[in-house]
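Worksheet: one structure, shown below.
The values are calculated or read from the model by the stated rules, or taken from the named source; none is laboratory data. Keep in mind that this is a model prediction, so the values were computed, not measured. With ideal geometry, Cβ positions are generated from the backbone for all residues, glycine too; neighbour counts draw on all protein chains shown.
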Amino acid sequence: MSGLSNFYRSAVGKKALMAASGIVLFGFVLVHMLGNLKLYQGPEKLNAYAEWLREVGSPLLPHSGVLWIARAVLLAAVGVHVVTAAQLTLRNWQARPQKYRQREVLEATYASRTVRWAGVIIGLYVVYHLAHLTFGWSHPDFIPGDVYHNVVSGFQIWWVSGIYIVSQIALGFHLYHGLWSMFQSLGWWNSSRPPDWRRRFAQVFACIITLGNLSFPLAVLTGLVK
């Protein structure tokens, strides 16, 4: 137990936990984006998919048991990710109150410099997203169970789509920096060779998620989805 405690208190341990929880979150945003692509198949497909998520279970679990387990794992991953990120940020500020100089790779530098603010934007976005499309608290025309209607009618309001667009751009930068850093935090890094494939993977993954998520409000605003 003391070894685990010492590992958690170390910067290496916190970065490893942050990376491990990040893997869960990376998987969630990918599955979430792929599922939302059913928006382009019409209301029946999207609403049926949403209903399946709510109803899915197994012989060993009660009604909606799988969904609640997924929510619990996701909530735990978010908690670990946020707490370790805050602790590492405070530690970095205490150790080096001055800003870092510009690094060699411009893209990584910009993403790393904005990663904390992107995290704050994403956190606020998640709260708004739940209030808007999950619970309907901030949706003036919310219909429980009609996901297609809620998405389309919600994104038809330009400033609502603007919130989503800004948030997804912030998420893209966050994903890129997080994936690129994850390889080093988990020891998947060979310092003897340039990490080209790791950086490329982070770029491609972040671009796929960002473009996919941006397509939803843009498709509604342009009338492609009605």
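Things worth noting here:
- Residue in the range 7-16 that is more than 17 Å from H174 (Cβ to Cβ), of a type in the set (D, E, K, R) and surrounded by 17 or more Cβ atoms within 10 Å (Cβ to Cβ) present: yes
- Yes/no for G223 being outside any helix (DSSP H, G or I) and at pLDDT 90 or above: yes
- Count of the range 122-151 residues which are of a type outside the set (F, W, Y), more than 16 Å from R54 (Cβ to Cβ) and outside any helix (DSSP H, G or I): 4
- Residue count, the range 152-182 (criterion: assigned to a helix (DSSP H, G or I) and over 18 Å from the mean Cα position of the chain (by Cα)): 7
- Of all residues assigned to the range 118-136, at least one qualifies as being in contact with a helix residue (DSSP H, G or I) (Cβ under 9 Å, 6 or more places away or on another chain), surrounded by 13 or more Cβ atoms within 10 Å (Cβ to Cβ) and modelled with pLDDT under 85.
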